[in-house]
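One structure is given here, and the rest of the page talks about it.
The numbers here are math on the coordinates, done by the rules we state, and not lab data. All values reported here derive from a predicted model rather than from experimental measurement. Cβ placement follows ideal geometry from the backbone for every residue including glycine, while neighbour counts extend to all protein chains displayed.
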Amino acid sequence: MSEEDYRKLTEKEIPQQVAKLDGWKVVNGKVNKSFEFDDFVQAFGFMTKVAMEAEKMNHHPEWFNVYNRVRIDLMTHDVNGISNYDIKLAKVIDRIAKG
């Protein structure tokens with residue numbers, strides 16, 4: 001992926017695009033969602049699957065894991081804000097979470 005593939009969303013587009021996602025919200029300038037699993041192994045398995053897809057996109061989440069919980073923050077450092085790739089990755093993450 002090259003830099004020109006990224007497109008920073010406008011302040012008007014951000015809430016419109018995030019509203020189309022399942023349970024995601026904007027927190028501190030990042031698209032955010034928390035996931036809870038039965039145990040650590042399921043949480044880690046989820047993170048592994050997300051990591052493989054994120055690597056294919058060359059677009060990597062900020063995430064935090066404690067036992068069975070995973071919190072994900074998405075923003076694009078290259079454009080200093082929320083981009084079309086954050087929305088795209090959020091959709092991929094939701095698909096993985098649903099199994």
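List of remarks:
- Restriction of the trypsin sites (Lys or Arg not before Pro) in region 20-99 to DSSP coil positions whose beta-carbon has at most 15 other beta-carbons within 10 angstrom yields Lys20.
- Mean Cα-pair separation over length for the chain, i.e. relative contact order, pairs under 8 Å, 6 or more apart, %: 35 percent
- In sequence order, region 92-97 has phi-based couplings of 5, 4, 4, 4, 5, 4 Hz under the Karplus curve 6.51 cos²θ - 1.76 cosθ + 1.60, θ = phi - 60°, and Gly or Pro positions carry x.
- Dipole magnitude of region 4-83, debye to nearest 20 (Cβ charges: Lys/Arg +1, Asp/Glu -1, about Cα centre): 220 debye
- Annotation: for a label point projected 7 angstrom from Cα along Cα→Cβ of His60, residues of region 1-40 with backbone N closer than 17 Å are 1-3.
- Taking amide hydrogens as placed 1.01 Å from N in the peptide plane, the amide H of Leu9 sits under 5 Å from those of Ile82, Ser83, Asn84, each at least 5 positions away in sequence or on another chain.
- Here the Karplus curve 6.51 cos²θ - 1.76 cosθ + 1.60, taken at θ = phi - 60°, turns the phi angles of region 69-82 into couplings of 10, 10, 10, 10, 10, 10, 7, 9, 5, 4, 10, 6, x, 8 Hz, with x standing for Gly and Pro.
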